[in-house]
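To start, the structure under review is shown below, and the notes come after it.
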Amino acid sequence: MKTCKLILAAALVGLAALSCNKEPNGTNPGGNTPSGSNTPIELKASTTAPEMNVDTQTSDVLTLSWNATTNMGTGARIAYSLLFDNKGGDFESAYEIPAEGTEMSATFTADRLNTIIKDEFGVENGESIELDVVVYATISSTEVDDVISNRVTLTLTAFEPKPTALYMIGSATAAGWDLGKAVAMDPIEGEDGGFTWSGELFGGELKFLVNPVDWIPSYNKGADDSHLVLRDHYWDDPTTGERVDDESLPHVDTPDDKFIIAEQGNYKIVLSIEKLTITITKTGGPKYFTMCIFGSALEKVPVAMTREGYAFIGFFESNGNYIHFTADVNNNKDFFYAAEEEQALDKTAVSQTTYYEWHVPAGLYHVGLFAKEGKEAVYFNPFTPYETVYLIGSACDAGWDIANALPMTNAGGGVQTWTGTLKAGELKFTCDKSTDWFGAWYLSSEAGKAPAGEEEPLLFVDKSLASTATMGIKEIDKKWNITDEGTYEITLDQTKETVIIKKK
């Protein structure tokens, strides 16, 4: 829109005149002279008081339409915009919505109008505002004036919209209390205000947010574990109980009760923000969420294992003695033993009652314990460090061309090093450059993790092994996320299964 001052000229047949840095119509020194006047624009509204509330928020409640003006034979492009200002305003600081292409109308839902009057004009829920709206036609020519329509005055009322999305947050969720990582729920098809979610929760607190950028509004625990309550503001007056929005005034916090998840497990949540009801049901799934390696074969216990679904993945160095597994870090309960005395390492059977430990000869081992009830099994794989490990991914020069994966330098003792330039992108390590991508990999312990710049654990997965498929971990593909381009030094220790990815 050109820098112009709009002045209402009621005498000009209800149109607005324009004061701009253009020659008046009909004058064009040194060039062709347009004749006549621009075609006036008449703006019409389907209603001047659209119905705005939670029942109409997704419905079309207002259509603004207008006729086309002309470019006076100049061939210049014409672009239309809707300008909104307070009633009686001069539109110098108007809110502008460009029309799409050659469209001569614009339709608004109640939710969109609600957003405009709240964000652009500061209207609070329950308050009304009168806005003037005009159509402004910008003609891309110095020979012809822009054109402004008549004013239409709208009466618009702000409301608290019904959420169309809902997010979980709290120490019981994978997001913790990180607002930006709040976990989205799924709308229930055909049920207005219904949401559901299934997955793993931890022991801790839980509540629900309308969006992942604000703590308010939230749906919290109501009178009991079966009911929700809407928390739509932070403070109340301690004397009257009325809402307080200014923190400098006397106030008390509004109730912020959370649902409590007693123990880690798999759960299904079904709730309705219309009925303010909720059910949290513990479902099937993995029985165990932690697993450790204990035994006299280890220099230091426990050795924690990594869980992927029902599978636990571990790496250890044996001094030639015995080990067993337990879900308790204090080695007090829920044990996994060999099914037979002096059971060979190529046998997969396990027992929780025999008390037979595995005798593990000295050396390095990868081990997988599949802990799905009724299908429990163990897989030992002796490990010899690879002579060369390679970089692959969009963060390095090799890209995803595995044949050209970048070799690291063998520094001896199972240690690989590399120095070079990385750019923003993904990174992982291949041990064998397997062209079907189902070979041996060193992966990040967490998908999308930015390098810590210090020693951090690796996750080793050999996708060529039948046991990897049996345990359901063949598709694991956790990569590092390099965010800053620069020169990096990488030290990967296969004997400790750690890596340092450090920017110089």
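If you go through segment 133-148 and pick out every residue that is crowded, with 20+ Cβ neighbours inside 10 Å and either in contact with a helix residue (DSSP H, G or I) (Cβ under 9 Å, 6 or more places away or on another chain) or not in a loop (DSSP other than H, G, I, E, B) (or both), you end up with 8. For Asn220, the criteria (1) more than 18 Å from the chain's Cα centre (by Cα); (2) free of Cβ contacts under 8 Å to residues at least 24 places away in the same chain hold in every case but one, which is (2). Residues considered: Gly193, Gly203. Of these, the only one that is modelled with pLDDT under 95, crowded, with 17+ Cβ neighbours inside 10 Å, out of contact with any His (no Cβ under 8 Å at 6 or more places or on another chain) and in the same structural domain as Phe259 (by TED's automatic domain parsing) is Gly193. The requirement of being in the same structural domain as Asp60 (by TED's automatic domain parsing), surrounded by fewer than 17 Cβ atoms within 10 Å (Cβ to Cβ) and within 24 Å of Arg231 (Cβ to Cβ) is satisfied by Thr115.
I'm trying to understand the selection: among the residues of segment 205-236, which are in contact with a Gly (Cβ under 7 Å, 6 or more places away or on another chain) and of a type outside the set (A, V, I, L, M, F, W, C)? Explain how you work it out, then say what you get.
First pass over segment 205-236, keeping only residues in contact with a Gly (Cβ under 7 Å, 6 or more places away or on another chain): 205-207, 212, 228-229.
Listed by number, the residues that qualify are Glu205, Lys207, Pro212.
Of all residues in segment 246-263, those that are within 23 Å of Glu200 (Cβ to Cβ) and in the same structural domain as Glu200 (by TED's automatic domain parsing) have Cβ atoms under 9 Å from Cβ atoms of residues that are modelled with pLDDT of 95 or more and exposed (fewer than 13 other Cβ atoms within 10 Å of the Cβ), 6 or more apart or on another chain, in Phe259/Asp225; Ile260/Asp225. Could you please find all residues in segment 365-385 being buried (at least 19 other Cβ atoms within 10 Å of the Cβ) and either part of a loop (DSSP other than H, G, I, E, B) or touching a His at 6+ places or on another chain (Cβ under 6 Å) (or both)? Ala371, Phe383, listed by residue number. Of the residues in segment 302-312, none is surrounded by fewer than 15 Cβ atoms within 10 Å (Cβ to Cβ) and of a type in the set (D, E, K, R). For segment 450-488, a residue qualifies if it is more than 30 Å from Ala377 (Cα to Cα) and surrounded by 14 or more Cβ atoms within 10 Å (Cβ to Cβ), and the qualifying residues are Pro451, Trp480, Asn481, Ile482, Tyr488. Here Ala182 does not qualify as surrounded by 14 or more Cβ atoms within 10 Å (Cβ to Cβ), touching a helix residue (DSSP H, G or I) at 6+ places or on another chain (Cβ under 7 Å), over 18 Å from Glu96 (Cβ atoms) and not assigned by TED's automatic domain parsing to the domain that holds Ala68. Filter segment 212-239 down to residues that are β-branched (Val, Ile, Thr) and either under 21 Å from Asp178 (Cβ atoms) or in contact with a helix residue (DSSP H, G or I) (Cβ under 8 Å, 6 or more places away or on another chain) (or both) and give me whichever is surrounded by the fewest Cβ atoms within 10 Å (Cβ to Cβ). Among those residues, the one meeting the criterion is Val213.
Determine, yes or no, whether Ser149 is among the hydroxyl-bearing types (Ser, Thr, Tyr) and within 22 Å of Ala79 (Cα to Cα). Yes.
Entry remark, segment 149-207: residues being part of a strand (DSSP E or B) and acidic (Asp, Glu) number 3 in total.
Would you check which residues across segment 292-326 are touching a residue at least 40 places away in the same chain (Cβ under 8 Å), under 22 Å from Glu342 (Cα atoms) and not hydroxyl-bearing (Ser, Thr, Tyr) and list them? Scanning segment 292-326 gives Ile293, Gly295, Ala297, Gly314, Phe315, Phe316, Glu317, Asn319, Gly320, Phe325.
The values are calculated or read from the model by the stated rules, or taken from the named source; none is laboratory data. Please read all numbers here as calculations on a predicted model, not as lab measurements. Positions of Cβ are backbone-derived with ideal geometry, glycine not excepted, and every protein chain shown enters the neighbour counts.
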